[in-house]
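Everything on this sheet refers to the single structure shown next.
The values are calculated or read from the model by the stated rules, or taken from the named source; none is laboratory data. The structure presented is a predicted model; accordingly, all values stated were derived computationally and were not measured. When we count neighbours, we look across all protein chains shown, and the Cβ atoms used for this are built from the backbone with ideal geometry, even at glycine.
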Amino acid sequence: MQTEHHADLAPRHTLACPATARELIHIDHPDEWRITAPGDRILGGGSNIIFRAEVRKRLLCPRYTGRQITGEDQEHLYLRVAAGERWDDLVAWTAAQNWYGIENLAAIPGSVGAAPVQNIGAYGREIADAVHTIHAYNRDTRQSEDIPAAACGFAYRQSHYKQRWRSRYIISAITLRLAKRGRPDTAYPGLREQATAIHNAQDAYTAIRRLRATRLPDPKTEPNAGSFFHNPITDHATFATLQRRYPDIPHYPAADGRVKIPAAWCIEQSGYKGLRDGKVGISDKHALVLTNHGGTAAEILAFAARIQTDIHARYGLTLAIEPDIIGED
């Protein structure tokens, strides 16, 4: 365990906002979660966070790693992975073994422990498709628990760990159920066109990394938090009205029988793609990615609010911000 006071948070999150934490504690072993107190926040890879100028709450950051096969049968294996592992390192490694289940989640920044919290997803797959068990520390009982995936409330970019269990559980490790044999899932646009050249998990991983590089800016050179807004979900009556006005509006079925509309389409149609406003802007590669060019969290959120207001006025849709907002200005 290591403690930093007045820690610089700009290099610890991919949006790179200038921010300082009063106290940042690095967790080097799962047993050290026992030091947690009410109000503490967990910092993983920092890929889904907006830090305001001052973070007064104590931050705890896991940096212990490890991977272990805990069981297998003829078709599947069960892989336990520590919270501090880098997500893309894990995906690259499993794809190299040609194990199936998470290869479509290639090149997503962040840590393993943070991945289930927002149920990360890409190219038609979610981490919920592969999670078998969440190993978590219960802050209330001060005990470790093994929680089956079915109990975790996984939904589109959601889980109980993001909402109702946020203050109760800390994810210390996960167990994935991966297939030893399979066929790559290439149904998603972009992959479908390459399907004849994608024969296994390694091929899928490589193709998706290449696709993401062309469609998303690299946070190392153009700071961003990935998808900044959730795709809005609306009822069929509202969608029918929109479709009469915009016959070409893209849409997808949502899990609850409603209709999901790509936020990126709304933003691009409104003229924001590639737009700069001072030190912040929207990527010219993807309209859903807000980029930071030396701005503060306050500037980023003001720009985001402008977009939200405009989209609501044009389409009657509400864009919810996806990253967590932590700290005070």
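Table: residues versus (1) surrounded by fewer than 23 Cβ atoms within 10 Å (Cβ to Cβ); (2) of a type in the set (F, W, Y); (3) within 20 Å of the chain's Cα centre (by Cα); (4) closer than 27 Å to Q2 by Cα.
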residue	(1), (2), (3), (4)
E54	yes, no, no, yes
R67	yes, no, no, yes
E72	yes, no, no, no
E75	yes, no, no, no
L79	no, no, no, no
Q97	yes, no, no, no
Task: Selection within segment 249-301 - part of a loop (DSSP other than H, G, I, E, B), of a type in the set (A, V, I, L, M, F, W, C) and in contact with a strand residue (DSSP E or B) (Cβ under 9 Å, 6 or more places away or on another chain) - done: A254, A255, I261, L275, L288
TODO: Can you tell me which residue among D329, D324 is modelled with pLDDT under 95, under 30 Å from A21 (Cα atoms) and touching a Ser or Thr at 6+ places or on another chain (Cβ under 9 Å)?
DONE: D329
Open item on the list: touching a Cys at 6+ places or on another chain (Cβ under 8 Å), among the β-branched types (V, I, T) and under 29 Å from D73 (Cβ atoms): which single residue out of I134, I174, I127, I147 fits that description?
Closed with: I134
Task: Filter pass, S283 being touching a Pro at 6+ places or on another chain (Cβ under 9 Å), of a type in the set (G, A, S) and over 30 Å from G153 (Cβ atoms) - done: yes
Task: Enumeration of residues in segment 169-194 that are exposed (fewer than 15 other Cβ atoms within 10 Å of the Cβ) and either at pLDDT 95 or above or farther than 30 Å from V280 by Cα (or both) - done: K180, R181, R183, A187, Y188, R192, E193
TODO: May I ask you to say which residue of Y100, Y78 is in the same structural domain as I134 (by TED's automatic domain parsing), closer than 30 Å to T141 by Cα and hydroxyl-bearing (S, T, Y)?
DONE: Y78
Open item on the list: I'm trying to understand the selection: among the residues of segment 211-237, which are among the small types (G, A, S) and either part of a strand (DSSP E or B) or surrounded by 12 or more Cβ atoms within 10 Å (Cβ to Cβ) (or both)?
Closed with: A213, A225, G226, S227
TODO: Mind listing whichever residues of segment 85-141 are without any contact (Cβ under 8 Å) to a residue 12 or more places away in the chain and either assigned to a strand (DSSP E or B) or within 25 Å of G39 (Cα to Cα) (or both)?
DONE: T141
Open item on the list: Going through A204, A240 one at a time, which residue ends up being in contact (Cβ under 8 Å) with a residue 40 or more places away in the chain and not in a loop (DSSP other than H, G, I, E, B)?
Closed with: A204
Task: Top-ranked residue in segment 52-65 [being assigned to a loop (DSSP other than H, G, I, E, B) and out of contact with any Lys or Arg (no Cβ under 8 Å at 6 or more places or on another chain); ranked as farthest from I171 (Cα to Cα)] - done: A53
